[in-house]
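Reviewing the structure listed below.
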Amino acid sequence: MRYFFVRFLQMLFAVWAVATLVFLFLQLTGDPMELLAPEDMTEAQVEELRKAYGLDKPIHVQYLVYMKNLLRGDLGVSWTSGEPALALLAQRFPATLKLVLVALGIAILFGLPGGVWAAVRADSLVDRALRFLSVVGISAPTFWIGIMLILIFSVTLGWLPSAGAQSWKHYILPGVTLSFYRIALFLRMIRSTMLDVLSQDYVRTARAKGLPERVVVYKHALRNALIPFVTLVGLQFGHLMAGAVVTEWIFAWPGMNRLALNALFTEDRPVILAFVVLTAAIFAAVNFVVDVLYGLIDPRVRYA
Amino acid sequence: MRRFPWLTALVLFALVLSAIFAPWIAPHPPLEGDLLRQHLPPAWLPGGDPRFPLGTDEQGRDILSNILYGLRVSLSVGFFAVLISVFIGVPLGLLAGYSRRFGEIVMRAVDVQLSIPTFLIALVVLALWGSGLLKLILVIGIVGWAEYARLVRGAVLAEREREYVLAAEALGVPTSRILFRHILPNVLSVVLVQVSVDVPRVILLEATLSFLGVGVSIETPSIGLMVKRGMDYLFSGVWWTTVLPGLALMLLVLTTNLLGDWTRDAFDPRRRLVRS
Amino acid sequence: MRRLLVALLALLTLGYAEKTFVVAYQGGAVTLDPHMRNETTTLAWQQHIFETPFFYDPEGRVVPVLAEKIEQIDENTWKLYLKKGVKFHDGTEMTAEDVAFSILRAATHEKSQMKGYVGKVSEAKPLDRYTVLIKTKVPDPLLPAHLDHAAVVPKAYFEKVGEEGFNKHPIGTGPYKFVSWLNGDHLNLEAFEGYWGKKPDFKRVKLVNIPNGATRVAALLSGEVDIAEKVLPQDFARVERSGVATVKQTPGVRVIYIALDYWREYGSEGLPEGAKNPFLDPRARKAIYMAIDAEAIVKKIMGGAATVAEQFLAPIHEGYNPEIKRFSYDPKAAKKILEDLGYGDTNGDGWLELPTKEGGRVPFKLRIDAPNDRYLNDAQIAQALANMLRKIGIQAEVNAVPKKVFFPNMTKGHFTMYMAGWGSMDSINTALSLFHSKDESGLYGRFNRMRYQNPEVDRLIEEAARTFDKKKREDLLKKAMYIAMVEDVAYIPLHYENVIAGVRKGVRFTPRPDEYLHAFAAEKE
């Protein structure tokens, strides 16, 4: 119990530290009024605007106000839209979540059986081909994959749309783009853990006892390989939620990553901060859950 | 043990050489353009010009030369950024492995660092601070320290339990000497494996950031930037400005990764155990 | 269960109802509060829902919209008469109360970005149900035009739901009423049955943000989108060939121009260390002007999607002076001028030279600063400018950076030669901001970054800004522009960007010069 509590405190500390560091960093990037004030305002009007955003106060006061609000779950108001930053992100959260789930689904659908197949046929031609393809998968830049898919399926064949999220068809290209790297990752991971497990003593025993190969592979080996696999999927989920920037941008996806990218380009500090803090929180939460699960499965972890 | 992948190494070597010697082998200065030769197709297609083997972009700049210079940028980012990460992360990890209290502090910092994806940190910092090759290398390099510190600390903790270290400690050998003379050489294989994973990752990171327009500045030849610019012409039949640079980059990352796989198999102590 | 079935059926029939009319923009509105952000796309989306007392018509004339007419009582007092029977989307009638409230909110709200237009208003109060009395702090001859940034909202509803509630469900008098939206991404609208003006042809409209130009065109050609703004020149041919859509262009009001350092003799930051700045002399500025082939830029880089600019103001603007013509493109003459001024090549390397303070000579290197994400093909234009200057012996280099780096540096005066754009319907504003000398209070010359100054021009502009008579005002402006553009070569104009839209066959639509794109201006053919 104490272990979980300590891990939980560490998680909160990490999120707080991230929020503080980003806040401080944003102070270093110059006077926001250069961007906030439209070109045709007088100096006096600019000062008035500065006051309205609370930017006339000293930095430590701004920081305290920010932290106080953060504790209440208030992440500030977007400079460009005047809406609460968290609400803006929340509006776009579902679109990102759906895309990420689709991508993970595709990745599991291909990566898992692929990895098993490669492991069972270790060092065969199939294995080598799959292994090579998976290295290609982790070597291709995501943005380029996205553009190639558009070039083939939208421009040349005209089968699939390349912008927006109006129908199920719109999910295909961005989903595949995002899943590409993960298919390769999952495949490699499943293959190597399966190989590890298949060389363990108990599997050898099972084989020696004359159990059918299918049972050995699926019942013993795969089941054991699934625990680290689920962990990996969990971590990839965290990564994708905050890492779909490129894909959302290329496919004009109405998700929160594109919102964050826009906020970066317009220097909408409250939205940037909110996005980073939210990402850190998602990450920390995923890590925490993984730790807890491991702790439950393997009590030794708690004392390590 | 796996055979050394000669073909892969040869291709990678050729790519690295042509990147290093780009100023001498590139047929044109990368930024020299002329609007009159805008969007020439590759030389083997009708309308192509043999002086521009892979065609030209919207400013009439030579694609091949830009790819060569772009690979040069990719490689320098991959090399120098990882070097910075190693130089920060390894000493911190060593110390953290040896001193319990310092180790705690370092691990908390590692936690904080790893609670946001590297990509996001680099994106935020570069978008707000402005882009540029040097800044990019610095940011990616500094952000990458945590993984090294963590791995090295773990390896040190494991090594410390070994007899030779215990013996040295009992003999009163100074801590710094034990760390650098005895432990460091033994954790180097861990670092090497991580470097082999990191270099291709960082190369892709540079390309992605440049593609989003926050990486290197617009006057630097970069694969990411080429693809970004090419995207505007995607629907007008000009495919060579996006497809070819991407292919070149993929070849570079692919060979680096394949060589990295071999390194991992050869140097990762755990893998060696499994295999034997 | 039955209720569910009915609901489902209703949904189905809705689905079969008339197809939604979709307009794709390069950006998206970031707020639906009409007094907050002064930015073209945000305002364009809002203008479907809200209207203002006056607005510009597509020919650039100020016309009454919600206003019937306006009367001037004295220099600082106006009487605004409103149209009768105008309904808000909730069915209530628009009255002087609402209009007074809206003008004051735009003029005084702490976060309002409309103060550049209506900030001079000190008081607005209803005289009767359809008349508003407006007082200004200082005389503003262009008040009616400036009311184009005072969108009218219903006071009672606004006060009932508050700012946040209003943002969630905005109500105005416009041809379309709000249905739903995703901030920055899309806005669903439905035609307002009780609209006072001409009812729009399309009942259901969706405005969407598709930032990438190539993707926007793809959506147009695949039929997902009915109008796509800012089609890239390289896609024109493809759109025309497709047979499903055409490209429509209108000369815009945004001029792309070059400015040169007008105030530092030494230490100008785009020149070599210690070199003398040649551009204090109008002849040197003219030489640069003559070295630039604006026609080639328009043809080759803009793909014809721009119009060569004869002068800073566009023909649609008040104060456009037809007597002002471009200096002809003549690189030989340009080089000769610079040589005659003493910048010739003395060491025989083929490049012009600049004298230094110490009496030495250095190569004529020149950095051209430009944004790379602000105007159509901005970085490419800068690159082409550099090539043109290299032809007359200036070692020009381009420093193209994102707008968020460019504009702060421009404000701080870090440039010797920069390229930027300016788009405003309001000529007095243009003259005061860019042609009047800079004063410390920041009232005049706020965008006169290179500190152009001529007391005569200052006087003419100040007088124009005070003049209520349109004809007289125009004459004063024309005179000021002639001195600034021809005698002083204050700026080098390149071209006016065209406003471009891809329009699906079967739809009649022409873009407006001020870049506002309105779905209600589209008609069925």
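The values are calculated or read from the model by the stated rules, or taken from the named source; none is laboratory data. Computed from a predicted model, the values in this text were never measured in an experiment. Positions of Cβ are backbone-derived with ideal geometry, glycine not excepted, and every protein chain shown enters the neighbour counts. For accessibility, only protein heavy atoms count, side chains too; no ligands or nucleic acids. Shrake-Rupley method; radii C 1.70, N 1.55, O 1.52, S 1.80 Å.
Highest GNM mean-square fluctuation among B:Leu68, B:Leu212, B:Leu94, for chain B modelled with Cα contacts below 10 Å: B:Leu212. A simple packing score, the average count of other Cβ atoms within 10 Å per residue, orders the peptides A:69-82, C:201-214, A:48-61, C:360-373 as C:201-214, C:360-373, A:69-82, A:48-61, with the highest score first. Under a plain spin-label model, where a point goes 7 Å from the Cα along Cα-to-Cβ, how far apart in nm are B:Leu171 and C:Asp201? Modelled inter-label distance: 9.3 nm.
With 24 Å as the limit, the listed pairs C:Lys111/C:Lys404; C:Lys69/C:Lys470; C:Lys79/C:Lys203; C:Lys120/C:Lys412; A:Lys57/C:Lys111 have C:Lys79/C:Lys203; C:Lys120/C:Lys412 beyond it between alpha carbons. Positive contributions from Lys and Arg (+1) and negative ones from Asp and Glu (-1), summed over other residues with Cβ under 13 Å from the Cβ of A:Gln62, come out at +4. Of the peptides C:179-185, C:462-468, B:140-146, A:27-33, the ranking by mean beta-carbon count within 10 Å, highest at the top, reads B:140-146, C:179-185, C:462-468, A:27-33.
Counting charges near A:Val116 (Lys, Arg +1; Asp, Glu -1) among other residues having Cβ under 13 Å from its Cβ returns a value of +4. For chain A, the longest principal axis of the Cα atoms and the long axis of helix A:256-266 meet at an angle of about 40 degrees. Note on C:Val362 and A:Leu24: with the Förster distance fixed at 45 Å, the Cβ-Cβ geometry gives a FRET efficiency of about 0.60.
Bridging of C:Lys286 to aspartates and glutamates at a Cα separation below 15 Å is possible for C:Asp261, C:Glu310, C:Asp330, C:Glu339, C:Asp340, C:Glu487, C:Asp488, once same-chain residues fewer than 8 apart are set aside.
Among B:Phe87, B:Phe52, B:Phe235, the largest mean-square fluctuation in a Gaussian network model of chain B, built with springs joining Cα atoms closer than 10 Å, belongs to B:Phe235.
Projecting the Cα atoms of A:Tyr66, A:Ala103, A:Ser134 onto the dipole axis of chain A, where Lys and Arg carry +1 and Asp and Glu carry -1 at the beta carbon, places A:Ser134 farthest toward the positive end. Distance between the 7 Å Cα→Cβ label points at A:Arg204 and C:His109: 7.6 nm. Overall shape: oblate for chain A, with the ratio a/c of the largest to smallest alpha carbon gyration tensor axis at 1.5 or above and b/c at least equal to a/b. When you filter the GluC sites (Glu not before Pro) in region B:144-242 for DSSP loop state and at most 15 other Cβ atoms inside 10 Å of their Cβ, you are left with B:Glu161. Here r is the Cβ-Cβ distance between C:Lys300 and A:Arg214 and R0 is 60 Å; the resulting FRET efficiency, rounded to 0.05, is 0.35. Between A:Phe8 and B:Leu7, the modelled labels are 5.6 nm apart [label points 7 Å from Cα along Cα→Cβ]. With a Förster radius of 30 Å applied to the C-beta separation of B:Leu247 and A:Lys68, the computed FRET efficiency comes to 0.05. Taking all protein chains into account, the per residue accessible area for region C:288-338 stands at 41 Å² (1.4 Å probe). Could you pull out which residues in region C:108-135 have an amide N less than 16 Å from a spot 7 Å beyond the Cα of C:Glu163, following the Cα-Cβ vector? So the set is C:108-115.
Solvent-accessible area of region B:19-275 (1.4 angstrom probe, protein heavy atoms only): carbon and sulfur portion equals 66 percent. For chain B, the longest principal axis of the C-alpha atoms and the axis of helix B:100-114 are separated by about 20°. Can you tell me the orientation of helix C:470-482 relative to chain C, as the angle in degrees between its alpha-carbon axis and the longest Cα principal axis, to the nearest 10? Rounded to the nearest ten degrees, it is 30.
Per-residue ellipticity at 222 nm from helix content only, as computed over the protein assembly as shown with -39500 (n - 2.57) for each DSSP H run of at least four residues, stands at -16000 deg cm²/dmol. For GluC sites (Glu not before Pro), the sites in region C:81-160 that DSSP calls loop and that have at most 16 other Cβ atoms within 10 Å are C:Glu110. Applying a DSSP loop filter and a limit of 11 other Cβ atoms within 10 Å to the chymotrypsin sites (Phe, Trp or Tyr not before Pro) in region A:160-191 leaves A:Trp168. For chain A, a Gaussian network of Cα nodes joined below 10 Å ranks A:Glu248, A:Glu83, A:Glu47 by mean-square fluctuation, and the top entry is A:Glu47. For the cross-link pairs C:Lys83/C:Lys177; B:Lys135/C:Lys357; C:Lys248/C:Lys524, the ones whose C-alpha atoms lie over 25 Å apart are B:Lys135/C:Lys357. Of the cross-linked pairs C:Lys276/C:Lys300; B:Lys228/C:Lys300; C:Lys135/C:Lys472, which ones have a Cα-Cα span greater than 26 Å in the structure shown? Flagged as over cut-off: C:Lys276/C:Lys300.
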